[in-house]
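The values are calculated or read from the model by the stated rules, or taken from the named source; none is laboratory data. For clarity, every value in this text was computed on a predicted model and none was experimentally measured. In this analysis, Cβ positions are derived from the backbone assuming ideal geometry, glycine residues included, and neighbour counts consider all displayed protein chains. Accessible surface is based on the protein model in full, side chains and every heavy atom, while ligands, DNA and RNA are left aside. Shrake-Rupley method; radii C 1.70, N 1.55, O 1.52, S 1.80 Å.
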Amino acid sequence: MAQNIVERYLVLKNKYRNYDTKYALKRMQAFRLATQELSRKGYEVALEILGSINFGIVEPTSDVDCILFIECDLHKDHPNCPPHCANLTFVKQEISKFVLKRLQPETFNIDYLDSINLKYVEERIRVEQVLGDEALYCLLFYRNIGRPVNRPLFIHYCDELEENPDFLQEIIPWASEALIGYLHTNQHILSFNKYNERILSKGLHLPEGLQQELNEYLNANQSNQNDQPHN
């Protein structure tokens, strides 16, 4: 069951992605161009996009939730840069400024839910100290549940982690619990209902297979929540 909920989420995400709206595609392009612009300025960054844009069902006012991957030498010994990190602050501001300017007159919030320093990831993999490291768990978890921007910057790290059978054995139950927690806090049932309403409002049919997959996913997720211990 631990692995089942993750697999169902991935299947569901890929099916909804077939309904990409023009706003989803425009935003993904804007984020890609923003990371390219930062690279020209000497800042290497990538993103995993979560929320509605991850499923492609985006409206002009939909907010964007994202995970930021950054190469930061200032804090290479730490999995996450501190909030006061000059590099972190700069790239967040530049990404938001670039994307919102390119997509104006659209107005929406860009929320950075987490960040990971890829310099830290690189060193942990180099010295083969990956077991039990939650930052590396998060990297692989975000890669699987999100929608990547500038994927080449970090995908080789994910590939190396996936080739480690001991690491995979550790992360599977962790990822299941993390996904359940993420979905619970983001009111996912309401979100999926909104996605379906947006699809139908455009005169498109909701395939029977998609609705069935959604029902099975929600039932599996509810079962996982009921199995959690209560205080």
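Under 21 Å Cα-Cα from Lys119, which lysines qualify once same-chain neighbours fewer than 8 residues away are excluded?
Hits, sequence-local ones excluded: Lys41, Lys76, Lys92.
Compare the Cα positions of Ser52, Pro79, Leu113 along the charge dipole of region 1-131 (+1 at Cβ of Lys, Arg; -1 at Cβ of Asp, Glu; about the Cα centre) and return the one farthest towards the positive end.
Ser52
Below 8 Å, C-alpha to C-alpha, sequence gap of six or more: please give me the relative contact order for region 48-188 in percent.
For region 48-188, the relative contact order is 28 percent.
Computing the accessible area with a 1.4 Å probe over protein heavy atoms, can you report the carbon and sulfur percentage for region 84-168?
It is 46 percent, rounded to a whole number.
Cut-off 16 Å, label point 7 angstrom out along Cα-to-Cβ of Lys26: give me the residues of region 86-101 whose amide nitrogen falls inside.
The answer is 98-101.
Percent relative contact order of region 1-96, based on C-alpha pairs within less than 8 angstrom and at least six residues apart?
About 28 percent, as a whole number.
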